[in-house]
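Undergrad: Before anything else, here's the structure in question.
Just so it is clear, none of the values below were taken in a lab; they were calculated from the coordinates. These figures come from a predicted structure and were not determined experimentally. Glycine gets a Cβ as well: all are built from the backbone with ideal geometry, and neighbour counts include every protein chain shown.
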């Protein structure tokens, strides 16, 4: 978190309904870098050649929550983009024709990008971060056959907008897999004794970092992506959004075995997160100690605060900020993710700095998550609900959902 500490989920804020089966920032906050040696199973690497290779087991396969769906349906903005008239087709019909250099040229141009790499699934090694244009909409459609592989060496995609919550342009990723992305941090926190914060101030977004842009993810897989492993404000093993005007809409997608200091899978700072019919499993927030500003515990300044704690919030999902930014979860399974020691939200972490944001969980299952804890600020008691959700918000509504630690 930046400029905020959330230690508790206050019971009066909760509206638990039914039980089914189914910080602050500024426009100058930069994209950072990232690395990891934490998390679960980084997976194998693909030979680092320029051309795609055929593969039977990379990141392709069925995406989304296999055991439930959002009864209200998916909003219009979460429907697949029309790719019938692509700006660029990568490849000429064979795996070898789908080179990284051709992909890089297509991404630089933007617009609608599709692939013609043959009938078999292919993996394209990404040997340098692909920088997206920020002045137009871009769609990358893998046709459920294309995997982009960062080789545990590079961040796969970067979208660096010029402002903060101003850009109307959208990146859409659909029918695509992104695996083994890795962002390496460079901005070390000033050396200070514990409990002062340790680690890095940058390193967000192992597969994708977005600043001042909007995101739609449909029927896609994010696997084994990693961002900076330690730091109070860094995160997003797979995806990190900063200052997004319209936030992210994630539909029918799977996030597994991703890791970062905070937000093992998806993190947002001043970025609305809307997640439908998706699956989050075995993602890890590998930091520890959460985050607070406490001059009595640390005399060293970092990020204009006396920062204490080094992350660990939000094993799967993380959202921080104000201005009404919130989280919507519908038809989604969040299973077996983990938060760091003395941190919050094994499944979901959400803090609304000005208490204006809301968290809505509908038709979803949040179980088997570990590592987070929840403290009642009035009584000081601790309950297991916090291993599922750690939050401070205007309101929390849970409908027709199974949330670990809660008995109706």
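Undergrad: If a/c stays under 1.5 just call it rounded; otherwise compare a/b with b/c (prolate if a/b is bigger, oblate if not). Do that for the range 61-192, with a ≥ b ≥ c from the square roots of the Cα gyration tensor eigenvalues. Walk me through the numbers on the way to the answer.
TA: Numbers: a/c = 1.38, a/b = 1.14, b/c = 1.21.
Here the range 61-192 falls in the rounded category.
Undergrad: Still on this structure, please answer the following. Among 296, 261, 177, which comes first, then next, by fewest other beta-carbon atoms within 10 Å?
TA: On the way: 296 7, 261 40, 177 26.
Ordered by Cβ neighbours within 10 Å, fewest first: 296, 177, 261.
Undergrad: Let me ask something else. By its C-alpha gyration tensor, with a ≥ b ≥ c as the square roots of the eigenvalues, how is the range 221-287 shaped: rounded for a/c under 1.5, else prolate for a/b larger than b/c, else oblate? Could you put the intermediate results ahead of the total?
TA: On the way: a/c = 2.50, a/b = 1.11, b/c = 2.25.
Oblate, since a/c reaches 1.5 and b/c is not below a/b.
Undergrad: Want the number for residue 342 to residue 194: 0.36 nm per residue separation, take away the alpha-carbon distance, what's left?
TA: Values: separation 148, 0.36 × 148 = 53.28 nm, distance 1.39 nm.
So the extension gain works out to 51.9 nm.
Undergrad: If you don't mind, there's one more thing I want to ask. Based only on other Cβ atoms within 10 Å, what is the fewest-to-most ordering of 276, 240? Each step should come with its number before you reach the end.
TA: Working: 276 27, 240 32.
Arranged by neighbour count, lowest to highest, 276, 240 become 276, 240.
Undergrad: If each of residue 109 and residue 160 carries a label point 7 Å out from its Cα toward its Cβ, how far apart are those two points in nm?
TA: Those two pseudo-labels are separated by 2.4 nm.
Undergrad: On the principal axes of its Cα set, how long, how wide and how thick is the range 143-301? Give whole Å, largest value first.
TA: Sorted largest first, the three principal extents are 53, 32, 26 Å.
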